[in-house]
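Here's the structure we're looking at; comments come further down.
Taken together, the values in this text are just the output of simple stated rules run on the coordinates, not laboratory data. Just so it is clear, the structure is predicted and the values come from calculations on it, not from any experiment. Because the Cβ atoms are built from the backbone with ideal geometry, glycine has one as well, and the counts that use them run over all protein chains shown.
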Amino acid sequence: MKHIKLKEKPNFASFDEISKSYFDKEKSKFLNDNKVKIQGFIQEFSDSGSTLYDIKPKKWSDEDKDKLTNCYSKACSKASKLIKSVHMNLEDADKGVCPFCGFSEEWHTDHFLPKSVFPEFSVYPKNLLPICGKCNGRKHNLYITKKRCKPFFYPLIDLESEPEFITAQAVKNEKGVVVISFSISPDELSKDEYAIAKRQFKRLDLNNRYRGQAISLFSKLSRHFSNKSLTLNAAFKIIEQNYNSSQIEEHKNHWKVVFYKSIYNKKTLPNIFNLK
Ligand SMILES: [Zn+2]
C-alpha cells in the first residue's frame, strides 16, 4: 500500500489520438460524437480527488458500453501505447512496485474504477494504474463496499505523506513454534485511512502474502544462525545490517523492512532463534 506519483509533465495520449486510432470508423465516430460528454465525466473524475467511489455509474446502452470498453482493447495500437505511457509516466516506474501490496512484481494494468461499470474511463490515464497479477485478481471489480465505503486507497492521491502503518509480530507459542503475523497500526493514520487500510489489507490477503515471505526469510536466518552456532551479538549484527539495507532498498511499509523491525531487538532474538 503506497502512494505513486506521476512525473511533473506526464506525456499521455490524448482522447483525440485514441479515438482517431480506433480503426472501426463507426466506433471512432461514436467516440468523437460523445467526446464532450466523456470529457465531462473525466472532469468529474478529476474533481473527485480520492473520493472516486462517490462517482455514480452512467447510463450507457450495452452497445455503447461495448464501444467504450473496446477502446481498451490491445488491438487498438494507441490504447496499448497509452497503457504503457501511464506506467512510464510514474516517477519511480523503474522500481516496478505494486502500489496495492508493495511487492516488486511484473505490472499488469488495473482499471481503478472498473471498465465494466465505468466504461467512460476505460482509457483515461489516471484510471489505469500499475498493479501486480495477484492484487489484480483479488481487487477484481470492487470499487465500493456494500456499506458504500472505500475499499482501496487511490494510489495517485492517497498516502502522499507516506505514513508507516504496517507492523509485524514474531512470537513463540506454547508449542515452541514461532508465529509471524502482520497487521495495520492506527498510529500514523487518520480514522478513515485506518479503516481503508484494514479493508485493503483483508481484501488483498496481505497478511498471508507477507507472512509467506517472512516465514521463508525467518527459516533461512534460523538455519544460518544455528549452522554457524552464532552468539546473540553476532546474530544481532546480521539482523541490524539486513534491517538497514532493507530500509535503503525498500519503502517503509514493505514486508521485509517491517519484519526486520519486529525482530530487531536483543530481548526477543534469543527466544525466537534459540540463541545462547
Ligand atoms: Zn500487488
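Computed quantities for the displayed model
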| read-out | value |
| --- | --- |
| CD proxy at 222 nm, helix term only [per DSSP H run n ≥ 4: -39500 (n - 2.57); per residue of the chain; nearest 500] | -13500 deg cm²/dmol |
| Whole-number percent relative contact order across region 171-263, with pairs defined as alpha carbons under 8 Å at least 6 apart | 21 |
| Total charge dipole magnitude, region 123-276, about the Cα centre, Cβ charges on Lys, Arg, Asp, Glu only, Debye to nearest 20 | 700 |
| log10 of Debye I(q)/I(0), alpha-carbon scatterers only, for region 207-256 at 0.22, 0.28 Å⁻¹ | -0.89, -1.09 |
| Distance in nm between pseudo-label sites at HIS87 and ASP64 (7 Å out along the Cβ direction from Cα) | 3.3 |
| Exposure proxy ranking, count of Cβ atoms within 10 Å, fewest first, for MET88, MET1 | MET88, MET1 |
| Computed lengthening from GLU105 to ASP47, 0.36 nm per intervening residue step minus Cα-Cα distance | 17.8 nm |
| Estimated FRET transfer efficiency (SER183, ASN32; beta-carbon r; R0 51 Å; 0.05) | 0.50 |
| Full-extension gain in nm, ASP54 to ILE144, via 0.36 nm per residue minus C-alpha separation | 31.6 nm |
| Of LYS56, LYS139, LYS126, the one that fluctuates the most in a GNM where the chain has Cα springs shorter than 10 Å | LYS56 |
| Kirkwood-Stokes translational diffusion coefficient of the chain, alpha-carbon pairs, 20 °C, 1.002 mPa s, µm²/s | 102 |
| In sequence order, calculated HN-Hα J values of region 196-210 (Karplus, 6.51, -1.76, 1.60; Hz; x Gly/Pro) | 5, 4, 5, 5, 5, 4, 6, 4, 8, 6, 5, 4, 5, 5, 6 |
| Leading residue at positive end of dipole, the chain (Cβ point charges), from PRO155, PRO125, ILE215 | ILE215 |
| Alpha-carbon centroid distance for the pair region 152-189 / region 233-260, whole angstrom | 15 |
| Positive-end residue, the chain charge dipole about Cα centroid, Cβ charges, pick of ILE83, SER190, CYS135 | CYS135 |
| Of the GluC sites (Glu not before Pro) in region 158-196, those whose Cβ has at most 10 other Cβ within 10 Å and which sit in DSSP loop | GLU174 |
| Rel. contact order, % - alpha carbon contacts under 8 angstrom, at least six apart, the chain | 18 |
| Normalised contact order of region 15-139, rounded percent, pairs of Cα under 8 Å and 6 or more residues apart | 24 |
